[in-house]
Amino acid sequence: MSGLVAHGGPILGQTERVRRGRARHLCEAVLMGGSGYRVLVIEDEREIASQIARRLESEGWEAREVYDGLEAVSEARDFLPDAVVLDVMLPGIDGLEVCRRIQAEREVPVLMLTARDDETDILVGLGVGADDYMTKPFSMRELVARLKALLRRVERAERRVEAESSLLSFGDIEVDRNGRRVRRGGAEVHLTPTEFDLLVCLAQNEGTVLSREALLERVWNWVDASGTRTVDSHIKALRRKLGPDVVRTVHGVGYAFERPA
Ligand code: CA
């Protein structure tokens, strides 16, 4: 972590909070122009939280820091962020539970910070509801790039659903793109935002094999070598929630959506 906190950011005191309050008003002006985002930064290591927040503010965004799981849930309700950066290890309630509670109230993209790669695999497997993961230590540049990709993806998805008719149906699976809901056999299936986008991408290309790289580009709007594992993990989650018959693996090629019989 030492690389990340090289600048030794100060611990937030009252003055810092006031300063951030002012920054918020400035950023609201930016928001009017449509270029600023609100990001809730949930991380108990205050120096890291502060570094992230300052970097986001330098992008013209508004950032709010929270250092505790329970406080994070109520802050998300109050702040209505466009995206959340969430550390998995938190005092109070942990990042997994924070993610669940925030997502249960309002769908918002979550970028989760983890300490190790294998921890990421476990979390993705659990279907926590995060849309992307970064392992510490990470570069601020990459964090911003990932957040931008995440936000672009959400905006694109919003525009897309406005442009298209809402309801798709495949056998006993119904996908409501406007409501972003999925039912199978009449029962609601709860998908994370990313799982939902992945399902729609696959379903709209029914029967066509899509490579993991193609899925990464279309769904995550993000291409890098380590990303293919992210695709695999989300496919696993989709199968667990929707049933194993929905997505076919084509070894060495990719995945294809199969209409259930
Ligand atoms: Ca932590």
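The numbers here are math on the coordinates, done by the rules we state, and not lab data. Just so we're clear, the structure is a prediction, and the values are computed from it rather than from any experiment. Cβ atoms come from the backbone with ideal geometry, glycine included; neighbour counts cover every protein chain shown.
One table, with the values for the structure above:
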read-out: Equivalent ellipsoid semi-axes - Cα gyration tensor, segment 55-171, angstrom; value: 24, 18, 16
read-out: Cβ-based exposure ranking for L216, L238, L191, in which fewest neighbours within 10 Å come first; value: L216, L191, L238
read-out: FRET efficiency, 1/(1 + (r/R0)^6) with R0 25 Å, evaluated for K236 and A187 via beta carbons; value: 0.80
read-out: Amide hydrogen neighbours beyond the local backbone of R38, cut-off 5 Å, H modeled; value: E62, D82, A83
read-out: Distance between modelled label sites at S166 and R248, nm, 7 Å Cα→Cβ extension; value: 3.2
read-out: Computed magnitude of the charge dipole of segment 164-257 (debye, nearest 20; Cβ of K, R +1, Cβ of D, E -1); value: 280
read-out: Distance between segment 53-85 and segment 126-182 - C-alpha centres, whole angstrom; value: 19
read-out: Global size of segment 164-257 as Cα Rg and Dmax, reported in angstrom; value: 12.6, 38
